[in-house]
Amino acid sequence: MWLLLPVVFALILLYRWYKQSLMLENVTDKYVFITGCDTGFGNLLAKQLDKRGMKVLAACLTDHGAKNLKKETSSRLQTILLDVTDSKSVRSAAEIVSNTVGKTDYTEYYSNSLGPEKGFCYFVFISVAASVHVLCLCFIRSPVRRELRDFGVKVSIIEPGGFQTPMMLSGDVHINSLKRVWENLPKEVKDSYGKQYYEQYEKNLKALFNTASPKTYQVPDCMEHALTAVYPWTRYSLGWDCKLIYLPLSYLPTVLSDYVMARFSPKPANKAEQSTTTCG
């Protein structure tokens, strides 16, 4: 009886490996729209998919970022200037994408996206604003993800831990910014928190930067799998910090996760008496 358990477990792993290895055909005929391509994961993904021969529509915040990306990619890649916090910019980008893909009926094109058997356009949003309406692979709240399922849209959640992106590598910039904020606080606020709070916060921030993984390729690899696999995963958790700390914490009851997080958070010098606040 007990000898059957390893066999069953091995068969489950084998089936899981086989299922995740199935990839869509003719991916070079598909369009991929990626935001945040100036730097970071968006930039890495745009280059990676361009090398795969896919038609990449890369949205950049700045003209400088767009020009640099074009220098490092093929003629297939097309750059678009997009500020995801500006609704006018979002509408303009959506129009460019619709014209490029060749769909005049936005609703039809949206509802038909991400079907393995159809000629569809992928949309990848590395950063998401409330005004963005076209979502397929993104960092997004679960309720929206479930709602999009009814429109035939598969949403995969990418949950990376700390990686050495330009944001992480510019640790000194963040530390200096934190210092400026602290120095400009009113005296009563500084007294309330205490200098040890600031010092511990700075120490925690430096530890986060120093422990970031250099294996940044893991994130675009998972994004590529989510885009090109016949059966993409619902969640991709990347990095040991995410797998061993953040993800397990998210599954704990709130009272326990709050306790664990509080144990490692800096403490203010003047703790107020316990009070209850109701959020509705």
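Some observations on this one:
- Candidate lysines - alpha carbon under 27 Å from K179, same-chain residues fewer than 8 apart omitted: K187, K190, K195, K203, K206, K267, K271
- Accessible area per residue was computed with a 1.4 Å probe on protein heavy atoms; I12 scores about 100 Å².
- Rounded accessible area of K154 (nearest 10 Å², 1.4 Å probe): 80 Å²
- 5 angstrom amide H check on T79, placed H, neighbours 5+ away: A58
The values are calculated or read from the model by the stated rules, or taken from the named source; none is laboratory data. Keep in mind that this is a model prediction, so the values were computed, not measured. Ligands, DNA and RNA are excluded from the accessible area calculation, which covers all protein heavy atoms including side chains. Shrake-Rupley method; radii C 1.70, N 1.55, O 1.52, S 1.80 Å.
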